[in-house]
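Engineer: For reference, the structure I am asking about is given below.
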Amino acid sequence: MSVAGVLGTGSALPEKVISNADLEKLVDTSDQWITERTGIRERRQAAPHETTSTLSTLASRRALERAGIKATDLDLIICSTISPDMPLPSTASLIQRELGAHGCCAFDLAAACSGFLFGMTVAEQFIRTGASKYVLVIGAELLSRYLDYKDRATCVIFGDGVAAAVFGPVDPPSGILGHELHTEGQYAEHLFIPAGGTALPASCQTVEKGAHFIKMRGNELFKVAVRSLEDVSRQVMKKAGVKPDDIDLFIPHQANQRITEAIRERLGLRSEKVYSNICRIGNTSSASIPICLDECVQSGRLKRGNLVLMSAFGAGVTWGAVLMRW
Ligand code: ACO
């Protein structure tokens, strides 16, 4: 059995920055409200020519280069996204074509903000069992394409971004030490896009009603998020026999700085152990954890031997945690 770990990371952010002041011109909100209630000061927005697959290709090339492997070495590509280029085919297929990763398997995975951790877990299983050697996992979201810029409850939260990581066999003690994933469908309507699928196919009426935009019950989600993130973080640590004090770096999904603070306090982690970029990037759903991971790798914040805990929560609702020795 092989132990799976990260061989290289890469990210790609659109250039355009949307500040809180920009949003003040669109909806009844204020820089003070957004900053105090979410911790977000700015987020990125993709240009019209950019798509989930084009930014993913860019991030993936960076990750492959840093991993020192060729696209043709990949056995599997998993693209975690809830904002695909189009319903059909998968965004992973488009990325595979652009990378020239002929011969490998590629598919999309939909678990919203928890998606990258779901993807990592799938990659770990393929590598551990020997079914795959090199797996590319991408967290990719252009949620600006699904935002109603008249709805202040959602348009201030989400941003665009993509990041990728190449997974492969590593030598212990490095590698993924444990994972824990959950889904609870009873909260499905807490965060959803009503139209555009088989339940409510796209029509002039759905467009008129804005039913193809993200709808969110933020307040209800907040409570479920804090409880689930604490529980799942403790579960994965318990399984691996480690304590919160052993954690060198905690990368939570960047949903809301108040959620991050609440989890940090509940787990008893010191502030310097918790990574946050929400003020610059906003909530990029499944791209949030890999963007943080890439920033930590490139800045040297993450050092060999560090114990890293990653926890996420998202639509579905889904939640999960992965523990990894860098
Ligand atoms: N600007 C100004 N006022 C606002 C804004 C805004 N942008 N948004 C809401 N308000 C108002 C509300 O209308 C409400 O006003 P009222 O008291 O007069 O009725 C008041 O602010 C409080 O609203 P709440 O919704 O209770 O605000 P809350 O403090 O809960 O913050 C937020 C809202 C930021 C959305 C928070 O609930 C949150 O972050 N929730 C979690 C989101 C999450 O984790 N999502 C899952 C991951 S994302 C994914 O999977 C894709």
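The values are calculated or read from the model by the stated rules, or taken from the named source; none is laboratory data. Every value quoted in this text rests on a predicted model; they were computed, and no experiment measured them. Cβ: placed from backbone, ideal geometry, glycine included. Neighbour counts: every protein chain shown. Protein only, heavy atoms only, side chains kept; ligands, DNA and RNA dropped before computing areas. Shrake-Rupley method; radii C 1.70, N 1.55, O 1.52, S 1.80 Å.
Engineer: Pick out, in residue order, every one of the chymotrypsin sites (Phe, Trp or Tyr not before Pro) in region 29-137 that is DSSP loop and has at most 14 other C-beta atoms within 10 Å; say none if there are none.
Structural biologist: Taking region 29-137 and a limit of 14 other Cβ atoms within 10 Å, no loop chymotrypsin sites (Phe, Trp or Tyr not before Pro) are found.
Engineer: Given H placed on each backbone N at 1.01 Å, which residues far from A315 in sequence or on other chains put an amide H within less than 5 Å of it?
Structural biologist: Amide H neighbours of A315, under 5 Å, 5+ apart: C113, S114.
Engineer: Treating only the Cβ atoms of Lys and Arg (+1) and Asp and Glu (-1) as charged, compute the dipole magnitude of region 3-172 about its Cα centre; round to the nearest 20 debye. Mind dumping the intermediate values first?
Structural biologist: On the way: 16 positive and 20 negative charges, 51 e Å.
The calculation lands at about 240 debye.
Engineer: Only helices at least 27 Å long along their axis, Cα-based, and averaging 0.0 or more on Kyte-Doolittle count here, so list those DSSP H runs from the chain. Intermediate results must be reported in sequence, preceding the final value.
Structural biologist: On the way: long enough: 218-240 (32 Å, -0.33).
Answer set is empty.
Engineer: Taking only the alpha-carbon positions of region 135-245 and ignoring solvent, what does the Debye formula give for the base-10 log of I(q)/I(0) at q = 0.10, 0.15, 0.17 Å⁻¹?
Structural biologist: Result of the Debye calculation: -0.48, -0.93, -1.07.
Engineer: Please give the direction-averaged projected area of the C-alpha convex hull for region 260-326, in square nanometres with one decimal.
Structural biologist: 4.9 nm²
Engineer: Below 8 Å, C-alpha to C-alpha, sequence gap of six or more: please give me the relative contact order for the chain in percent.
Structural biologist: Over the chain, the number comes to 26 percent.
Engineer: With a cut-off of at most 10 other beta carbons within 10 Å, and DSSP calling the residue loop, which trypsin sites (Lys or Arg not before Pro) in region 274-312 qualify? Please list them.
Structural biologist: Details: sites: R280, R301, K303, R304; in loops: R301, K303, R304.
Of the trypsin sites (Lys or Arg not before Pro), the ones in loops of region 274-312 whose Cβ has at most 10 other Cβ atoms within 10 Å are R304.
Engineer: Can you tell me the relative contact order of region 3-172? Whole percent, Cα pairs under 8 Å, sequence separation 6 or more.
Structural biologist: Once normalised by length, the contact order is 35 percent.
Engineer: Can you list the residues, at least 5 places off or on another chain, whose amide H is less than 5 Å from the amide H of G8, using H built in the peptide plane?
Structural biologist: Result for G8 returns V166.
Engineer: Given charges of +1 on the Cβ of Lys and Arg and -1 on the Cβ of Asp and Glu, with all other atoms neutral, how large is the dipole of region 104-244 about its Cα centre, in debye to the nearest 20? Mind dumping the intermediate values first?
Structural biologist: On the way: 14 positive and 14 negative charges, 58 e Å.
Its charge dipole is roughly 280 debye.
Engineer: Let me ask something else about it. Using only Cα atoms, figure out Rg for region 3-172 and give it as a multiple of 2.2 N^0.38 Å. Numbers along the way, then the final one.
Structural biologist: Details: Rg = 17.3 Å, N = 170, 2.2 N^0.38 = 15.5 Å.
So the Cα radius of gyration is 1.12 times the expected 2.2 N^0.38 Å.
Engineer: Still on this model: Out of the trypsin sites (Lys or Arg not before Pro) in region 53-84, which ones are loop residues according to DSSP with at most 13 other C-beta atoms within 10 Å? It would help to have the intermediate numbers written out before the result.
Structural biologist: Working: sites: R61, R62, R66, K70; in loops: K70.
Passing sites in region 53-84 are K70.
Engineer: Can you list the equivalent-ellipsoid semi-axes of the chain, largest first and in whole Å, using the square root of 5 times each Cα gyration tensor eigenvalue?
Structural biologist: 29, 24, 18
Engineer: Express the accessible area of the chain per residue in Å², computed with a 1.4 Å probe while the remaining protein chains stay in the model.
Structural biologist: Details: 14030 Å² over 326 residues.
Roughly 43 Å² per residue, with all protein chains present.
Engineer: I'd like to know which of L99, A112, G130 lies farthest towards the positive end of the charge dipole of the chain, counting +1 on Cβ of Lys and Arg and -1 on Cβ of Asp and Glu.
Structural biologist: Of L99, A112, G130, it is G130.
Engineer: Take every Cα-Cα pair in region 287-326 and report what % of them are more than 16 Å apart.
Structural biologist: Pairs farther apart than 16 Å: 41 percent.
Engineer: A further question follows. If you take every DSSP beta bridge fully contained in the chain, what fraction is antiparallel? Give it as a percent rounded to 5.
Structural biologist: The antiparallel proportion sits near 70 percent.
Engineer: Of the accessible area of region 1-127, with the probe set at 1.4 angstrom, what percent is carbon plus sulfur?
Structural biologist: Roughly 52 percent of what the probe reaches on region 1-127 is carbon or sulfur.
Engineer: Moving to a separate point now. Which whole number in µm²/s is D for region 177-325 by Stokes-Einstein, with the Kirkwood Rh taken over Cα pairs at 37 °C and 0.692 mPa s? Provide the component values of the computation, followed by the final result.
Structural biologist: Details: Rh = 16.4 Å.
Using the Kirkwood radius from Cα pairs, D works out to 200 µm²/s.
Engineer: What figure in square angstrom, to the nearest 10, would you give for the accessible area of Y146 with a 1.4 Å probe?
Structural biologist: The value for Y146 is about 60 Å².
Engineer: Next question, about the same structure. Taking θ = phi - 60°, what integer Hz values does the Karplus form 6.51 cos²θ - 1.76 cosθ + 1.60 yield along region 152-157, in sequence order, with x for Gly and Pro?
Structural biologist: In residue order, the calculated couplings are 5, 6, 10, 5, 7, 8 Hz.
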